[in-house]
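Contents: one structure, followed by commentary.
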Amino acid sequence: MDIKEVDLREMASVIQSKVVLEVSSQVQSLLDSLETTTLDIAVTGEGGAGKSTFINAMLGIRDDDFGAAKTGVVETTASPTPYLHPHLPHVRLWDLPGIGTPSFQAKKYLQRVRFERYDFFIIVTSERFRENHAELARAVAAMGKRFYFVRSKVDQDLWATQQRRPSSFQEAQVLQEIESDCSRQLKREGLENPKVFLISSFHLHRFDFHRLKDTLAEELEGHKRHTLLLSFPSVTAAAVQKKKSSLRWHIWKKALLACFISALPGHPFYLNVPMLMKTLKNYQQHFGLDDASLETLAATVSKPSYELKNQVRSKFVGGLSEEAIQTVLRQSAICGQVAATALNSQFPFFNNLVAGAISFVAAYYLLHTALDSFAEDAQRVLERAYGLETVVQGSIGCPSLGFTCE
Ligand SMILES: Nc1nc2c(ncn2[C@@H]2O[C@H](COP(=O)(O)OP(=O)(O)OP(=O)(O)O)[C@@H](O)[C@H]2O)c(=O)[nH]1
Ligand SMILES: [Mg+2]
């Protein structure tokens with residue numbers, strides 16, 4: 001594995017002729033700003049539309065987990081309530097009060113829920129979009145924020161339609177009808193090109209969830225995009241790859257920092273292993289390979305959790321000891337001798353830090369190898385969990401209700 005050209009270029013622009021301490025603090029603050037980037041997502045709609053269930057599904061937690069949004073309750077949330085992402089405390093999904101009353105006034109509503117704190121709004125309905133939804137969307141846009149429409153519970157629609165017309169039932173056609181109907185309603189209310197996503201919170205890997213995630217990521221910038229890609233569950237193979245690419249982008253910073261810290265006066269001349277261990281643990285969580293995430297996924301797809309856990313084969317999973325990491329680092333350093341030499345020739349800066357440079361290469365290789373193996377595991381887990389359903393459309397199972405909508 002070579003050190004990527006793009007990484008070398010970015011490193012060069014940070015390092016230039018600076019001294020170790022300056023570079024180290026610049027890289028640290030780059031990473032800090034990445035890790036503390038906030039993402040505040042407002043989820044709104046009428047009472048019972050499925051807002052809280054959608055929030056829990058996006059956070060990858062079960063309705064009865066600690067910290068989950070309450071679902072299926074009669075009374076609607078009275079004031080905006082934040083739900084924190086289990087691994088990314090700066091990501092919050094806000095359950096907003098319902099918008100269903102006839103006297104609804106969008107501007108007042110937005111003032112009351114403090115619209116300015118949200119990055120964007122998701123407007124949910126489980127039926128048709130109505131005047132209130134359109135009015136809210138217009139007011140959101142007038143305040144300089146983006147909005148997206150989610151038509152929830154489409155699994156229910158499919159099932160109901162199949163019961164009504166079993167002989168002519170075609171899933172793709174029903175989905176198309178729902179989508180056209182939603183768009184037509186919103187256009188009638190004066191919204192041009194509304195973005196509507198069909199979702200089932202019980203089957204996030206189906207329908208439009210991946211498209212919603214891609215659209216949101218495209219329309220966010222820089223750190224927020226990275227945060228969004230990490231925070232949403234990866235329910236398709238393509239989503240796993242996007243998450244991997246987004247994490248890969250920052251590996252050189254982690255590796256450089258680990259090597260700089262170890263090269264600073266007073267530090268023994270080896271890598272900052274605890275920092276690397278923490279990074280590996282974070283990767284594992286981002287790919288949903290930690291125990292809690294695997295248990296949740298197993299419960300969602302009604303499979304025994306050991307079936308999913310058996311798909312996790314990376315040697316980096318499950319708290320590697322410092323010693324084990326050191327061994328891997330030593331192996332990586334040997335593999336990376338050639339790259340280390342190349343690195344020294346590009347950055348004369350490293351000449352005085354030969355051991356540091358080798359450490360950099362070792363850390364860089366370690367993180368790349370770990371990321372690749374986590375992504376492979378995540379892909380295997382998805383395949384075992386959803387089978388061929390990792391393709392986006394098709395038949396849906398409704399295990400909790402004891403029937404199959406095929
Ligand atoms: N079949 C199906 N049912 C869903 C889906 N999403 C939510 N539900 C069900 O719809 C009911 C209401 O869901 P909630 O998430 O509590 O709805 P809400 O919008 O938060 O409701 P309020 O807080 O009362 O406004 C619950 O019984 C959910 O299980 C879905 O995607 N498919
Ligand atoms: Mg609710």
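The values are calculated or read from the model by the stated rules, or taken from the named source; none is laboratory data. Everything quoted here is computed from the prediction, not taken from an experiment. Cβ sites come from the backbone with ideal geometry, for glycine too, and all protein chains shown count toward neighbours.
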Any idea how many residues of the stretch 85-110 are over 20 Å from F129 (Cβ atoms) and either among the β-branched types (V, I, T) or assigned to a loop (DSSP other than H, G, I, E, B) (or both)?
7
Among the candidates T71, T81, T125, residue that is within 16 Å of ligand 2 (Cβ to nearest atom), in the same structural domain as R184 (by the TED database) and either within 22 Å of T38 (Cβ to Cβ) or more than 27 Å from the chain's Cα centre (by Cα) (or both)
T81
Of all residues being within 16 Å of ligand 2 (Cβ to nearest atom) and of a type outside the set (G, A, S) in the stretch 182-224, which is nearest to D40 (Cα to Cα)? Just the residue, please.
I199
Residue selected from the stretch 140-160 under the condition of a type in the set (A, V, I, L, M, F, W, C) and in a helix (DSSP H, G or I), by the criterion farthest from ligand 2 (Cβ to nearest atom)
A142
A careful count of residues in the stretch 33-68 that are in contact with a Gly (Cβ under 9 Å, 6 or more places away or on another chain), at positive phi, part of a loop (DSSP other than H, G, I, E, B) and within 13 Å of ligand 2 (Cβ to nearest atom) gives 1
Checking Y83 against (1) more than 13 Å from ligand 1 (Cβ to nearest atom); (2) aromatic (F, W, Y); (3) modelled with pLDDT of 90 or more, which single condition isn't satisfied?
(1)
All conditions in (1) in a loop (DSSP other than H, G, I, E, B); (2) away from ligand 1 (no atom under 13 Å from the Cβ); (3) on the phi < 0 side of the Ramachandran plot are true of G190 except (3)
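Residues are listed down the side, and each one gets a yes or a no for (1) closer than 15 Å to G45 by Cβ; (2) surrounded by fewer than 18 Cβ atoms within 10 Å (Cβ to Cβ); (3) away from ligand 1 (no atom under 16 Å from the Cβ):
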{"position": "G98", "(1), (2), (3)": "yes, no, no"}
{"position": "L110", "(1), (2), (3)": "yes, no, yes"}
{"position": "I122", "(1), (2), (3)": "yes, no, no"}
{"position": "A141", "(1), (2), (3)": "no, yes, yes"}
